[in-house]
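What follows is a single structure, written as structure tokens, with notes after it.
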Amino acid sequence: MNSSKELFAQGHLVLTFIRGLYLLAEDDVRQHIKKYDITHTGFRVLWILYFDKTMTMTELAYISQTNISNIYRQLVKLAEQNLVVVNNGKDARIKETSLTENGRQFVHDVLSKNVKVTNLNFISTLAKIPKEDLDKFIEVAGILTSELLGQRFTDWAIQAANTIREN
């Protein structure tokens, strides 16, 4: 059994590695989309909505792991670019968001280009990892995510990955 000091050191490594990888992947995506005059956060909103027909702003904030104020600002910008629509839900306090046809096509085009041949270093590097190791890493990340963020988050990620596989 790991001592608490060893477990804490391992926790430090996991968090530091994840943070470094996330920042690297984010920068990779940012470089790829900068020609489209869209922010990384804006693209993340579009990406999430691509896998759900309609999502409330609260759900969108949860899945994107950002605050509702930031989501609102991004949605205003994206609506001005005719990439999303924001409607009142069953209750006027609930705002439902979805992609316009332009927004759906934009994400589809980015996805299609990168599935065929990617310039994203993060994705290219994954190809160098043995399948069994990558599968185990994803399993462990899924356990951590379910325990710490909730099953809804993990289910969304799996559903999105399955959609990518199927299309």
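Every number here is computed from the coordinates shown, using simple stated rules; none is lab data. Note that the coordinates shown come from a computational prediction; the quantities given were computed from them, not determined experimentally. A quick note on method: Cβ atoms are made from the backbone with ideal geometry, for glycine too, and the neighbour counts reach across all protein chains shown.
A few notes on this one:
- In terms of its Cα atoms, the range 62-131 spans 49, 24, 20 Å along the principal axes, sorted from long to short.
- Computed 3J(HN,Hα) for the range 146-163, one whole-Hz value per residue from the Karplus formula 6.51 cos²θ - 1.76 cosθ + 1.60 where θ = phi - 60°, is 4, 5, 9, 9, x, 5, 4, 5, 4, 4, 4, 4, 5, 4, 5, 4, 5, 5, glycine and proline marked x.
- Counted by Cβ distance under 9 Å from residue 57, the other residues give a net charge of -1, where Lys and Arg count +1 and Asp and Glu count -1.
- Scanning residues 5 or more positions from residue 51 or on other chains, none has an amide H under 5 Å from its amide H, with H placed 1.01 Å from N in the peptide plane.
- J(HN,Hα) series, the range 52-68, from Karplus relation 6.51 cos²θ - 1.76 cosθ + 1.60, nearest Hz, glycine and proline x: 9, 4, 9, 8, 6, 4, 5, 4, 4, 5, 5, 5, 7, 6, 9, 7, 5
- Within straight-line cross-link reach of residue 113, lysines at Cα separation under 18 Å, skipping those fewer than 8 residues along the same chain: 34, 35
- Distances between placed amide hydrogens fall under 5 Å for residue 56 paired with 97, all partners being 5 or more residues away or on another chain.
- For the range 60-113, the list of trypsin sites (Lys or Arg not before Pro) that fall in a loop by DSSP and count at most 15 other C-beta atoms within 10 angstrom reads 90, 93.
- Tilt relative to the chain, helix 4-33 - C-alpha long axis, 0 to 90 degrees, to 10: 40 degrees
- Between 0 and 90°, nearest 10: helix 40-50 axis offset from the chain longest Cα axis: 80 degrees
- Relative contact order of the range 4-128, defined on C-alpha pairs under 8 angstrom at six or more residues apart (%): 24 percent
- Estimated translational D of the range 32-154 in µm²/s (Stokes, Kirkwood radius over Cα pairs; 25 °C; 0.890 mPa s): 153 µm²/s
- Most mobile listed residue (127, 25, 157) in the chain, GNM with C-alpha springs under 10 Å: 127
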